[in-house]
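Take a look at the structure set out below.
Every read-out reported here was derived from the displayed coordinates using simple, explicitly stated rules and does not represent laboratory data. Fair warning: this is a prediction, and the values are worked out from it, not measured in the lab. Virtual Cβ from ideal backbone geometry, glycine too; neighbours counted across all protein chains shown.
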Amino acid sequence: MYFWSVVVFFAILVALIYKDRKKVEFHAYVLAMRKTKRGRGFIYRIADASPRLWKILSTIAVIAAFGVMAYGLYLLFLSSQLIITKAITIPAIQFILPVPQAQPISGTGFIGVPFWFWILIVPFVLFPHEFAHGLIARVTKVKIKTVGLIQLLIWSGAFVEPDEKQLKKSKLINKLRIFSVGSIANISIALVVILLTQYLLWPFVVPTGVMITGVVEGSGADAAGLEPGMVIQEIGGNNVNVDYDTFVAVYGYSLFRGYNLTSSDLKGFSSRVEVGAIINQFEPNQTIKVQADDTVYDLTLSGRPENSSLPYMGIVASTAGDNDVMFEFTFPLIWWLTTLSQLVAIFNLLPIYPLDGGLMVEAVAEKLNRKHAKTIVKIVTIAMLALLIFNFVGPSIISSFF
């Protein structure tokens with residue numbers, strides 16, 4: 001049913017494009033572009049409401065954008081070093097593709113996003129990004145000619161088309177404001193969503209403590225009298241509380257490792273990480289106090305079956321509460337929305353023409369050395385593309401020849 005829902009979606013999309021074909025521009029048969037002047041009025045109203053505020057915020061965005069650019073370069077050089085030293089053996093750069101199934105998948109060089117997640121992610125990333133570009137264009141007196149949508153095979157996009165002549169004549173600071181603000185808007189919105197999830201939604205949905213779903217016979221937990229169904233609140237004086245940060249780490253790790261990402265798996269894995277972080281403070285054969293269902297139990301730790309030098313309680317746990325839907329759909333969707341928003345923003349601010357980061361480099365180069373600006377941009381772009389390619393194919397090359 002999931003697969004056929006995707007087929008129906010594309011059938012409807014093709015039908016809409018065909019119906020509107022007189023207003024759609026087609027390029028090379030695989031790119032459809034729909035331009036319109038609708039929406040400009042809304043952008044203008046928001047911009048004109050407080051132009052001074054938007055100028056201040058967009059100036060801050062310029063500083064932030066150069067910081068993000070530097071961070072993106074740092075990540076690329078760091079991953080290149082790890083590839084050369086064989087510390088990582090998978091591509092550091094991954095293609096993100098929609099897949100017609102409910103579970104995400106990962107493989108060498110790609111990550112598959114559940115299709116209906118993808119449909120929600122695209123507007124979450126694109127609309128704030130392009131709206132921010134248009135907003136600051138208006139504030140800096142650059143006319144918006146059109147806004148529109150792009151469909152390239154399975155990839156969707158949006159754009160705000162400024163008047164190129166006016167943009168070319170703009171001051172350097174105004175160019176930087178326009179180019180930088182889209183990605184910073186993506187990062188800002190992602191951070192707001194993360195904070196709201198972490199401090200409002202997660203505590204409301206996920207109770208404190210972890211619920212015991214199984215006890216290993218003959219283990220310390222069994223001897224102490226712990227039973228399935230109990231909720232552990234404290235271990236060795238430490239509050240047991242699975243937080244959203246733990247889920248984020250667990251989901252990302254599970255995705256790249258190709259593990260199951262069902263609600264029960266995610267709840268169990270998150271609890272195991274939380275309990276493990278506490279238990280690892282102690283030693284095998286050490287007796288600790290465990291509070292479960294408001295009763296305190298004395299539990300003597302043993303060694304793990306696979307490594308006797310590591311402490312072991314002997315329980316199988318899960319996050320408490322009836323929240324399977326949240327772990328199956330809501331929290332994974334939030335993970336995808338916020339993670340891809342940040343990654344797209346970082347990538348977009350890399351100094352590669354014609355990405356926003358490349359346009360920023362071009363604007364600065366034209367100001368400093370107009371005669372050689374294009375050459376500078378070409379060199380920087382080629383160098384960055386070579387670095388990206390190495391991060392993608394480097395692990396396989398090094399593993400094959402070195």
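Over region 207-322, the fraction of Cα-Cα pairs per 10 Å bin, rounded to whole percents and listed from the shortest bin up, is 15, 47, 32, 6. Pairing the Cα long axis of helix 263-279 with the longest principal axis of the chain, what angle in degrees results, from 0 to 90 and rounded to the nearest 10? Helix 263-279 sits roughly 70 degrees off the main axis of the chain. Would you be so kind as to identify which of Tyr312, Ala224, Leu261 lies farthest towards the positive end of the dipole of region 207-322, taking Lys and Arg as +1 and Asp and Glu as -1 on Cβ and the Cα centre as origin? In region 207-322, that residue is Leu261. Note on Ala15 and Lys143: the model spin-label points, each 7 Å out from Cα along the C-beta direction, lie 3.9 nm apart.
In units of the compact-protein estimate 2.2 N^0.38 Å, the chain shows a Cα radius of gyration of 1.20.
Per residue of the chain, the DSSP helices (runs of n ≥ 4 H) give a summed -39500 (n - 2.57) that works out to -18000 deg cm²/dmol at 222 nm. Computed from the C-beta positions of Ser50 and Thr89, the FRET efficiency with R₀ = 56 Å rounds to 0.65.
Equivalent ellipsoid of region 270-402: semi-axes from √(5λ) of the C-alpha gyration tensor, largest first, are 53, 22, 14 Å. Extending 7 Å from Cα along the Cβ direction at Phe42 and again at Thr295 yields two label points whose distance is 5.8 nm.
A simple rule links phi to the HN-Hα coupling: the Karplus curve 6.51 cos²θ - 1.76 cosθ + 1.60 with θ = phi - 60°, which for region 70-84 gives 4, 5, x, 5, 4, 4, 5, 5, 5, 5, 4, 4, 5, 5, 4 Hz, with x for Gly and Pro.
What's the angle, to the nearest 10 degrees (0 to 90), between helix 115-139's Cα axis and the longest principal axis of the chain? Approximately 40 degrees, to the nearest ten. Stokes-Einstein diffusion for region 1-99 at 10 °C, viscosity 1.306 mPa s, with a Kirkwood radius from C-alpha pairs, works out to 83 µm²/s. Angle of helix 2-19 to the longest C-alpha principal axis of the chain, folded into 0 to 90 degrees and rounded to 10: 10°.
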